[in-house]
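Below is one structure; the comments refer to it alone.
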Amino acid sequence: MNKLDHLAIIMDGNGRWAKNRGLVRTKGHEVGAKAVTDIAKFCIENSIKNLTLYAFSTENWKRPKKEVDFLMKLLKDFLVSKRDLFIQNSIKFHTIGDIEPFTKDLKDEISNLKNLTSKFDKLNFILAINYGGRDEIIRAANKALGHSKDGKLSEKSLSQNLDTSEFGDVDLLIRTGGEQRLSNFLLWQASYAELCFTPTLWPDFKSSELKDIIQKYQKTHRKFGGL
Ligand code: FPP
């Protein structure tokens with residue numbers, strides 16, 4: 001049976017979920033943020049050590065200002081309202097991506113939750129915000145070159161300088177919402193990930209479906225280029 005150490009999810013389909021109900025797109029994001037709790041608890045119950053969620057990409061700034069502002073507020077509210085969830089379940093909060101462009105308020109809440117949860121070890125909850133795989137690889141390459149004695153990069157030196165260095169490669173990557181693409185998510189880390197694309201829209205995605213996906217993943221023959 002394949003071990004599952006690192007699960008990554010592209011939480012797509014919030015806008016369509018809302019549209020299908022005659023609601024504004026942002027309502028889909030609001031309900032989508034709530035869907036995260038069930039998945040995080042499932043990961044703990046099933047000893048999955050690392051959960052990475054794609055919440056805001058480097059390209060999402062292109063969305064209308066109203067939607068971007070809403071997502072920023074939702075993120076800040078999430079960091080405050082989920083404190084108890086993190087503490088009661090010993091979840092450690094991390095981010096990947098470049099958080100520099102966020103407002104001071106948001107950055108403060110990010111560091112508050114990181115500090116509050118820094119000693120926990122049941123689950124690494126990794127939120128990808130202002131995250132792009134290409135951006136991450138470029139930042140990692142520049143850092144690795146800065147430390148390099150011979151001006152060269154290696155797979156090891158680059159991996160060690162990725163935002164995800166402490167979590168390792170992705171084992172299983174799920175995208176909800178029916179599209180079959182990676183959208184600049186964990187491009188390096190997902191090189192040998194098993195991929196699952198489900199038509200379920202993110203706000204409807206439940207741990208029962210995750211359980212089925214994982215059962216299938218566990219039986220997959222992972223070859224990593226071998227036999
Ligand atoms: C993609 O759906 C979703 C996003 C760009 C944002 C993801 C955000 C959340 C799930 C809520 C915030 C989460 C946390 C943890 C604070 P879409 O808008 O592209 O949907 P569509 O493809 O149906 O338009």
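The values are calculated or read from the model by the stated rules, or taken from the named source; none is laboratory data. The structure displayed is predicted, hence computed values, not measured ones. Glycine gets a Cβ as well: all are built from the backbone with ideal geometry, and neighbour counts include every protein chain shown. All accessible areas refer to the heavy atoms of the entire protein, side chains included, with ligands and DNA or RNA removed. Shrake-Rupley method; radii C 1.70, N 1.55, O 1.52, S 1.80 Å.
Measuring nothing but protein heavy atoms, the accessible surface of the stretch 147-227 at 1.4 Å probe radius is 49 percent carbon and sulfur. Within the shell of other residues whose beta carbon sits under 11 angstrom from the beta carbon of V24, the net charge comes to +3, with Lys and Arg scored +1 and Asp and Glu -1.
For the pair the stretch 135-164 / the stretch 5-78, the C-alpha centres are spaced 29 Å from each other. Residues in the chain average 53 Å² of solvent-accessible surface per residue, probe 1.4 Å, ligands and nucleic acids excluded.
With a 1.4 Å probe and all protein chains kept in place, how do W17, W61, W188, W202 rank by accessible area, largest first? Before the final figure, lay out each step's value.
Numbers: W17 25, W61 100, W188 70, W202 0 Å².
The residues order as W61, W188, W17, W202, largest area first.
When a 1.4 Å probe is rolled over the protein heavy atoms, the share of accessible surface on the stretch 39-90 that falls to carbon and sulfur comes to 53 percent.
Annotation: amide H of L172 within the under-5 Å range of H6, A8, E194, sequence separation 5 or more or interchain, hydrogens built in the peptide plane. Full extension of the chain between I137 and S191 yields a length gain of 18.1 nm, computed as 0.36 nm times the residue separation minus the alpha carbon distance. Ranking of V31, V80 by solvent-accessible surface, largest first: V80, V31 (1.4 Å probe, protein heavy atoms only, all chains present).
Among the listed pairs K92/K206; K62/K216; K66/K216; K49/K219; K119/K219, give every one whose C-alpha distance is greater than 29 Å. Listed pairs above 29 Å: K62/K216; K66/K216; K119/K219.
So how do 128-134, 89-95 stack up, highest first, on mean other-Cβ count within 10 Å? Walk me through the intermediate numbers first.
Working: 128-134: 21.1, 89-95: 19.6.
The densest-packed peptide leads the list: 128-134, 89-95.
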